[in-house]
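See below for the structure under consideration.
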């Protein structure tokens, strides 16, 4: 294990009497000087520029030889006090160096601080964020049923993880309340509410034939129609399909999407809360769980056949249809309408769960229905306009693996976005064949006239008042969070014998949250940009490159003069420059110590740190609606970079790799070690982070759903029994759960050391 002294770590990020910061760290703020002294001011500028420090202006005049290139300019000297000094930059300044040593020249230090000779960002495809709700998605090609089913199992898990449903919560009593609403000649309408979770209501109308059944059951989620389940217009009528299906002999539950009509506990159908999202709580999650409990409700009714259940909805209701049928095997027949598309993935938070589509699209989610019968209704006037040529053939290839291509149908119409009478008629005929097993009888079926009951009759809470004991979102979310915490704690391995099962089962959820695939040696390459010599070592400037994920990681690799006896990946939250010694033009204190022990040391800039951040390049990260649905968060990307860089270092040196993370990078290092079992050991600077604090997670390490799968306690169990050292544990009690999870999973073979600010150490095994 690489054990790192606290004193050395303190030296690693401080260089007395010298401050070197990039412009992005200085904009509109201040610089903290280690001591009062006469400082020489150096500016790395591309033409005329000015830096103002403590009220004194320092100029970098334009030079005819510049030709747009950055060069170091000695801008002057100033007496500056210790502590914070106000700073303002004008013009093209990329870096500022303040030195109390008049002999210092930044060009000597530049090679160990930067990979690129000019301020530019790496050619990293993650800047472009190509995945978003309106991007074009090509369905992954699968060459066998086995390959598809491997992917399908992972995708089903990812859907549940994204919704805080991995593993499934307890199915608590529904406590269903059903009362008559209207009686007609050939069907009944009832008003229903039940509890999907304690204190959380699902509301809607039950349309059913008269008689004892058993009848097939149909879940009927509405879309983003203005009136929700009460919508009754030419482009879409929810009551029309419910009435007609009931007349055909099916029990239909038309239920409110969250925030619609009688779903009064939710503020709307598109709220976002970063802390709630840490636990997988958001509109899509509540909606999917409600839909699962709708299936429970239908199956519980004495007049419903629990083995013959179906689902249909359009638009946002179409999203809920294929999401429900993807994870609920009791749905035997499905008809998602005008929604499975390769060009639009959903326009609302209730359709865009965080991390839901990092490695998938609606086409693949829809294909999870195979080999059960499914009707895809599409139209020329929305994003399903190419379904007959694109989506339908792609999903049919999955059905063909099961010799079930005949169970998948597409009906295409020349209409705008809708669930109109023609679309409904196509669904009636399909359900007549596959739900009622009466295809011949319904081959020419058309929707008979119907009369919708008044809204006041159909409303579950017509006065707009919730039943006593039920309150808005904020009244039940804390209890859901506590239940989620207890569920994840219960899943942790209690003995070393349970460790591997935990890794392959529950621990796989971490891969879903991170959107991570670990690279093999052939997937990691390097662009070598220059070499240099420092005291007792050589160093190389690199861009570690992973083509399959578009990662391009700036790095400096230090090697001892002899054959490396080990290798350490050192990561600082501020980037690799924080681990260099600009005065000496070589490795900083931490790297020097490791080199003296015969260790090769790789220092990197993780995503959006260090050289990723120069504003002069014009490289700006694009943002789109629902970014965390389609892409890992910045923290997750940084964990990706650590795993990729560790793979490169292992390939480069041929020896086991340890990871050391400083500042916020300590948490990144722990997760990297958790998901990459080839990382030999981890030293993590906790930087005072409290893993019990939701606000700190949201601010410092935002990753949706991370707390629903045990966050750092899961990481601890996955790290065991490899050596782990935690430093700067200002409050060791905050890390007690981490210590316990590690100890239980590691047993006597573990090696966990925890050191506080004063250097006191607690060792767990």
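The values are calculated or read from the model by the stated rules, or taken from the named source; none is laboratory data. Everything quoted here is computed from the prediction, not taken from an experiment. Cβ sites come from the backbone with ideal geometry, for glycine too, and all protein chains shown count toward neighbours.
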Q.
Cβ-Cβ distance below 7 Å, separation of 6 or more or different chains: which pairs start in region 575-590 with a residue that is in contact (Cβ under 8 Å) with a residue 24 or more places away in the chain and end on one that is surrounded by 24 or more Cβ atoms within 10 Å (Cβ to Cβ) and in a loop (DSSP other than H, G, I, E, B)?
A. 575/605; 575/609; 576/605; 579/588; 580/588; 581/588
Q. Any idea which of 253, 266 is in a strand (DSSP E or B) and either in contact (Cβ under 8 Å) with a residue 12 or more places away in the chain or surrounded by fewer than 24 Cβ atoms within 10 Å (Cβ to Cβ) (or both)?
A. 253
Q: Could you please let me know if residue 289 is at pLDDT below 95 and either over 23 Å from residue 208 (Cα atoms) or out of contact with any helix residue (DSSP H, G or I) (no Cβ under 9 Å at 6 or more places or on another chain) (or both)?
A: no
Q: Evaluate region 507-524: report whether one residue or more is more than 30 Å from residue 747 (Cβ to Cβ), outside the structural domain of residue 154 (by TED's automatic domain parsing), touching a helix residue (DSSP H, G or I) at 6+ places or on another chain (Cβ under 7 Å) and at pLDDT 95 or above.
A: yes
Q: Run residue 690 past the list (1) under 22 Å from the mean Cα position of the chain (by Cα); (2) under 25 Å from residue 748 (Cβ atoms) and report the number of the one that doesn't hold.
A: (2)
**Q.** So residue 279, is it in contact with a helix residue (DSSP H, G or I) (Cβ under 7 Å, 6 or more places away or on another chain) and either over 15 Å from residue 160 (Cα atoms) or not assigned by TED's automatic domain parsing to the domain that holds residue 372 (or both)
**A.** no
Q: Have a look at 357, 372 and point out the one that is part of a loop (DSSP other than H, G, I, E, B), within 15 Å of residue 335 (Cβ to Cβ) and either modelled with pLDDT under 95 or touching a helix residue (DSSP H, G or I) at 6+ places or on another chain (Cβ under 9 Å) (or both).
A: 372
Q: Say whether the condition of being in contact with a helix residue (DSSP H, G or I) (Cβ under 9 Å, 6 or more places away or on another chain) and over 25 Å from residue 251 (Cβ atoms) is met by at least one residue in region 313-334.
A: no
Q. What are the residue pairs meeting all of these: first residue in region 396-411, first residue not assigned by TED's automatic domain parsing to the domain that holds residue 423, second residue surrounded by fewer than 19 Cβ atoms within 10 Å (Cβ to Cβ) and assigned to a strand (DSSP E or B), Cβ atoms under 9 Å, and 6 or more apart or on different chains?
A. none
Q: Go through the residues of region 689-709 one by one and say whether even a single one is touching a strand residue (DSSP E or B) at 6+ places or on another chain (Cβ under 9 Å) and more than 29 Å from residue 362 (Cβ to Cβ).
A: no
Q: State whether the residues of region 742-764 include one that is within 30 Å of residue 282 (Cβ to Cβ), in a helix (DSSP H, G or I), modelled with pLDDT of 95 or more and touching a helix residue (DSSP H, G or I) at 6+ places or on another chain (Cβ under 9 Å).
A: no
Q.
For a quick check of your reading of the model, give me the residue pairs whose first member lies in region 639-663 and is in the same structural domain as residue 575 (by TED's automatic domain parsing), whose second is assigned to a helix (DSSP H, G or I) and surrounded by fewer than 23 Cβ atoms within 10 Å (Cβ to Cβ), with beta-carbon atoms closer than 6 Å and at least 6 apart or on different chains.
A. 651/521; 657/650
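Name every residue in region 407-422 that is in contact with a helix residue (DSSP H, G or I) (Cβ under 8 Å, 6 or more places away or on another chain) and not in a strand (DSSP E or B), in order of residue number.
Result: 407, 421.
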Q | Options 549, 563; residue that is under 26 Å from the mean Cα position of the chain (by Cα), on the phi < 0 side of the Ramachandran plot and surrounded by fewer than 24 Cβ atoms within 10 Å (Cβ to Cβ) | A | 549
Q) Where residues in region 699-711 are more than 18 Å from residue 640 (Cβ to Cβ) and crowded, with 18+ Cβ neighbours inside 10 Å, which of them is farthest from the chain's Cα centre (by Cα)? A) 710
